[in-house]
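In what follows, a single structure is set out as structure tokens and then discussed.
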Amino acid sequence: MNYQKTVSSNEETKKQKKSKKSTNEIDQKPTAAYIGATWGIVIIGLLSYCIGLWNASMELNEKGYYFAILLMGIYAVISLQKAVRDKAENLKVSDMYYGISWVVAIASILLLIIGLRNADLALSEKGFYGISFLLSLFGAITVQKNTRDIDFINTKNEEE
């Protein structure tokens, strides 16, 4: 057996795999259509929720409660997505921060559910607030993910 040939062919295979991996990482960059769709989702969710609150016939303190829950939820899911992504990339994330991110994200959803359950609103209005809230959270997560993906890929390309 010619050992030198075996080593050379193994090295060539490894180089090919590395170049394929680099190409695949570049191919994973979100498309402009997807980025636009995610921004559209978050804007539609936020605007519909806020316009619904503006036009609602509820007390100002109730409107403030629902708006504060929206802000809390958006911040929590962005923070949670960042913590999950950091853990996936083997970056240091304290367990306390990770746990708090989960607790606050879940708490914001529960507070909305409790508030809507006890509100004097039509069932259709409750559904509207629930769906636009979840749409806003989903949009915020995907926008943050896209931002992180693009930044990661751009940094990778600059290094090469």
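Every number in this text was worked out from the coordinates using simple rules, so none of it is lab data. Keep in mind the model is a prediction, meaning the values are calculated, not measured. We place every Cβ from the backbone using ideal geometry, glycine too, and count neighbours over all the protein chains shown.
Looking at 101, 108, 136, can you tell me which residue is in contact with a helix residue (DSSP H, G or I) (Cβ under 6 Å, 6 or more places away or on another chain), under 25 Å from residue 31 (Cα atoms) and touching a residue at least 24 places away in the same chain (Cβ under 8 Å)?
136
Hey, can you tell me all the residues within the stretch 69-96 that are more than 11 Å from the chain's Cα centre (by Cα) and within 17 Å of residue 141 (Cβ to Cβ)?
Hits for the stretch 69-96 are 69, 70, 71, 72, 73, 86, 87, 88, 89, 93.
When residues of the stretch 107-130 are filtered for being out of contact with any Lys or Arg (no Cβ under 8 Å at 6 or more places or on another chain), under 18 Å from residue 51 (Cβ atoms) and among the aliphatic types (A, V, I, L, M), how many remain?
Count: 3.
Can you go through 116, 123 and tell me which one is under 21 Å from residue 45 (Cα atoms) and exposed (fewer than 12 other Cβ atoms within 10 Å of the Cβ)?
123
Do the conditions hold for residue 40, that is, is it in contact with a helix residue (DSSP H, G or I) (Cβ under 7 Å, 6 or more places away or on another chain) and either assigned to a helix (DSSP H, G or I) or over 28 Å from residue 156 (Cα atoms) (or both)?
Criteria not met by residue 40.
What are the pairs, 6+ residues apart or on separate chains, where a residue within the stretch 78-94 that is surrounded by 13 or more Cβ atoms within 10 Å (Cβ to Cβ) has its Cβ under 9 Å from a residue that is of a type in the set (Lys, Arg)?
Pairs that qualify, where the first residue is surrounded by 13 or more Cβ atoms within 10 Å (Cβ to Cβ) and the partner is of a type in the set (Lys, Arg), are 81/145; 81/148; 82/148; 85/145; 85/148; 86/92; 93/82; 93/87.
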